[in-house]
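Single-structure report; data block below.
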């Protein structure tokens, strides 16, 4: 029997922008069902470009992206749903939280009654069931990001793509959201690809960390973390976590853009 | 005792106004300035009371031109913006003419319009519309283009139709800019109406406030001139206040505070 196709399969995918800048050198990457993969690396290493190629928001200049072994037209069908969480919450300021969360269902043509019934469970997943009638301007940055996550979860995605979603939040809020994400992904076996600047966040969330290098963007190393470890406060304080962070720091220093002879601050 | 900032915002400008009026009144009386040079506020008030019906009739005419011009500007401006936003080629081809329309002084082309458009009222409305329409076009256009790129990607990712993009993304995104444009245009429509009346010099039953000012000047009835001017100012303030209130009402969700 054939093994199931990976959720995401990039074959020799490269990206050259119209201005001639080479965003990504040809690279291969396969992400399997239920994996939580983080992309980290210095600015300009193509993490977000790679994620947008997977989201079909960018078209590759060469190579091919396959989703569950098929092309993008398969996306949206049962078992082939994709959600994207942006760096900014990207909410509609003129609509309340419930309408914002319902948006992808409206766009996908889900009947209103069915869509309405899915709003509260999605908000409950991010702890915002009390805020359904509020407007984005009435929410804190962390709460807006939670709405954005609820909007991504309401479609019951099979693949969740997140582009530095917690980058603008304070450390405390970020840690809490990371714990929530880890819990949600583990519970639903959600395949997730997560771009972050923070190696601590990558270490905390991931079952695999892809370390990328710049000029041109490419994969420098892969680091596998035992997915069986429970991702909670105790994990954050453990020796295992400290070791993972140390290893990732070493890998990141190998791709640090600082050249020999350059002065630090 | 604490005074709320809102109360200060209302009371402070009123206090300044009252002080200026008192100083004006005192100066006129103290130095015996004749009313045909500079009428005192009480002279203006008396003229306003004496010529009330005629001035209010003129105000109605001016406001009719203003409101008609504003309505046409909103409809025409919004439609033009939607047309221009359809493609870069359309915008590039037509935008210079929109700008030419804006930079040509209305006073210079008003006589031509008044000759071309025979009926007085439509001619005045055309002049006022030419002044008032530009902020609506440019602001709505900018608003339609100011869509959050992330949100636009989100819509595209969910394969949203053109109509869905327009109704659920572009129009709501453009609303704050459109409302700001409306606020500017409401004042410009009044300016346009008064300028057009000046150029047309229209008398008779459709005489506006500009005609009242011109006539008062010819007759050296300076208090009446000031009275007409005061009515124009009040009309402008009311228009501004009304559009500002409308803006707050429409955009309350954008600025909703917890």
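Observations, loosely collected:
- Any hit, the range A:132-148, residues being in contact with a strand residue (DSSP E or B) (Cβ under 9 Å, 6 or more places away or on another chain) and within 11 Å of chain B (Cβ to nearest Cβ): yes
- Within the range B:119-171, restricting attention to residues that are over 26 Å from residue A:74 (Cα atoms) and assigned to a loop (DSSP other than H, G, I, E, B), the residue that is nearest to the other protein chains (Cβ to nearest Cβ) is B:148.
Condition check ((1) under 25 Å from residue B:156 (Cα atoms); (2) not in a strand (DSSP E or B)) across all residues:
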residue	(1), (2)
A:83	yes, no
A:90	yes, yes
A:106	yes, yes
A:169	no, yes
A:174	no, yes
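Listed here are the residues, each with its yes/no results for (1) surrounded by 17 or more Cβ atoms within 10 Å (Cβ to Cβ); (2) assigned to a loop (DSSP other than H, G, I, E, B); (3) in contact with a strand residue (DSSP E or B) (Cβ under 6 Å, 6 or more places away or on another chain); (4) not assigned by TED's automatic domain parsing to the domain that holds residue A:177.
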site	(1), (2), (3), (4)
A:95	yes, yes, no, yes
A:113	no, no, no, yes
A:119	yes, no, no, yes
A:124	no, no, no, yes
A:127	no, yes, no, yes
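- Residue tally, condition more than 18 Å from residue A:178 (Cβ to Cβ) and not in a strand (DSSP E or B), over the range A:199-227: 3
- Matching residues in the range A:214-230 - criterion: being crowded, with 22+ Cβ neighbours inside 10 Å and touching a residue at least 24 places away in the same chain (Cβ under 8 Å): A:217
- So residue B:226, is it at pLDDT 90 or above, farther than 26 Å from residue B:134 by Cβ and surrounded by 21 or more Cβ atoms within 10 Å (Cβ to Cβ): yes
- Search result, residues across the range B:228-253 that are in contact (Cβ under 8 Å) with a residue 24 or more places away in the chain, within 16 Å of the chain's Cα centre (by Cα) and closer than 15 Å to residue B:182 by Cβ: B:236, B:239, B:240, B:242, B:243, B:244, B:246, B:247
- Entry remark, the range A:104-122: residues being free of Cβ contacts under 8 Å to residues at least 12 places away in the same chain and facing chain B (nearest Cβ under 9 Å) number 2 in total.
- Total residues in the range A:70-83, condition out of contact with any helix residue (DSSP H, G or I) (no Cβ under 6 Å at 6 or more places or on another chain), in contact (Cβ under 8 Å) with a residue 60 or more places away in the chain and either buried (at least 22 other Cβ atoms within 10 Å of the Cβ) or facing chain B (nearest Cβ under 10 Å) (or both): 1
- Residue match in the range A:189-197 (condition: surrounded by fewer than 22 Cβ atoms within 10 Å (Cβ to Cβ) and under 20 Å from residue A:123 (Cα atoms)): yes
The values are calculated or read from the model by the stated rules, or taken from the named source; none is laboratory data. In this text the structure is predicted, and so the values were computed from the model without any measurement. Here Cβ is always computed from backbone atoms with ideal geometry, including for glycine, and neighbour counts include all displayed protein chains.
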